[in-house]
Amino acid sequence: MRADSIAFALSGILFGVIVGWILGSQQASTPAATAAAPAEGRAPAPPLDEARLKTLAAAAGSEPTNPAPRVQLGNLYFDAERYTDAAQWYEDALRLQPKDANVSTDLGVAYYYTNQPDKAIAQFEQSLAIDPAHTKTMLNMGIVKAFGKQDLAGASAAWKQVIATAPASPEAQAARKALEGLQQAHPGGGPSGG
């Protein structure tokens, strides 16, 4: 039992490192969301930009076939940590443009944040059906499997897939760190496989 507690603690520390790195790289590069468990003691969510919300909502209302303002509304709500609202806008955008792997993955992350890991994984599977080489989806799949489902073998497989698909990518770097953490937490051939 104690070994399990230590492994869980190490996994939590690893998760914090991975999430910090992912969020830092996401903020610097793209607006796409990345899964991460909300941390206690974390700074409060940024306030919702009401003026931007009003502008985007008007655009969504006047352009019923344009997914762009819906995606932007989803991102706006996501950044304000209003994940249920974000998910609704991402769902609406996907109805208009169902082959967008980025929005599909963002929707999966929003599901994870609303404590729906199974729904998140199903959405990530849809993202990978759209784009089998979408590394952000694979990385998020591993995070949700590890921390939402406690499926360390499944997380390991997802992270290994990231590395095999795009070995020089930032996602592969994060996946390597995650796998190293799993190996340290489970030495001798644990879930990350020998």
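The values are calculated or read from the model by the stated rules, or taken from the named source; none is laboratory data. These numbers come from a predicted model, not from an experiment. Note that we place each Cβ from the backbone using ideal geometry, even for glycine, and neighbour counts take in every protein chain shown. All accessible areas refer to the heavy atoms of the entire protein, side chains included, with ligands and DNA or RNA removed. Shrake-Rupley method; radii C 1.70, N 1.55, O 1.52, S 1.80 Å.
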Counting only heavy atoms of the protein chains, get the accessible area per residue of the range 43-100 (1.4 Å probe) and round it to a whole Å² value.
57 Å²
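Carbon-plus-sulfur fraction of the accessible area of the range 106-147, 1.4 Å probe, in percent?
On the way: 660 of 1410 Å².
That fraction is 47 percent.
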Which pairs break 30 Å Cα to Cα here: Lys99/Lys160; Lys119/Lys160; Lys54/Lys149?
Lys54/Lys149
Could you sort 165-175, 53-63, 104-114, 120-130 so that the peptide with the highest average Cβ count within 10 Å comes first and the rest follow in order?
104-114, 120-130, 165-175, 53-63
When the Kirkwood radius is taken over all Cα pairs of the range 131-185, what Stokes-Einstein diffusion coefficient follows at 37 °C and 0.692 mPa s, in µm²/s?
309 µm²/s
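Which net charge results for the neighbourhood of Val162, defined as the other residues with beta-carbon distances under 12 angstrom from its beta-carbon, given Lys and Arg at +1 and Asp and Glu at -1? Before the final figure, lay out the partial values.
Numbers: positive: Lys136, Lys160, Arg176, Lys177; negative: Glu171.
Charge balance in the 12 Å sphere: +3.
Using a Förster distance of 30 Å, how high is the FRET efficiency between Arg42 and Lys99, based on the Cβ-Cβ distance and rounded to 0.05? Don't skip to the answer; put the middle values down first.
Details: r = 34 Å, r/R0 = 1.14.
Result of the calculation: an efficiency of 0.30.
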Please give the length that would be gained between Glu81 and Lys177 if that part of the chain were fully extended, namely 0.36 nm times their separation in residues minus their C-alpha to C-alpha distance (nm, one decimal).
31.9 nm
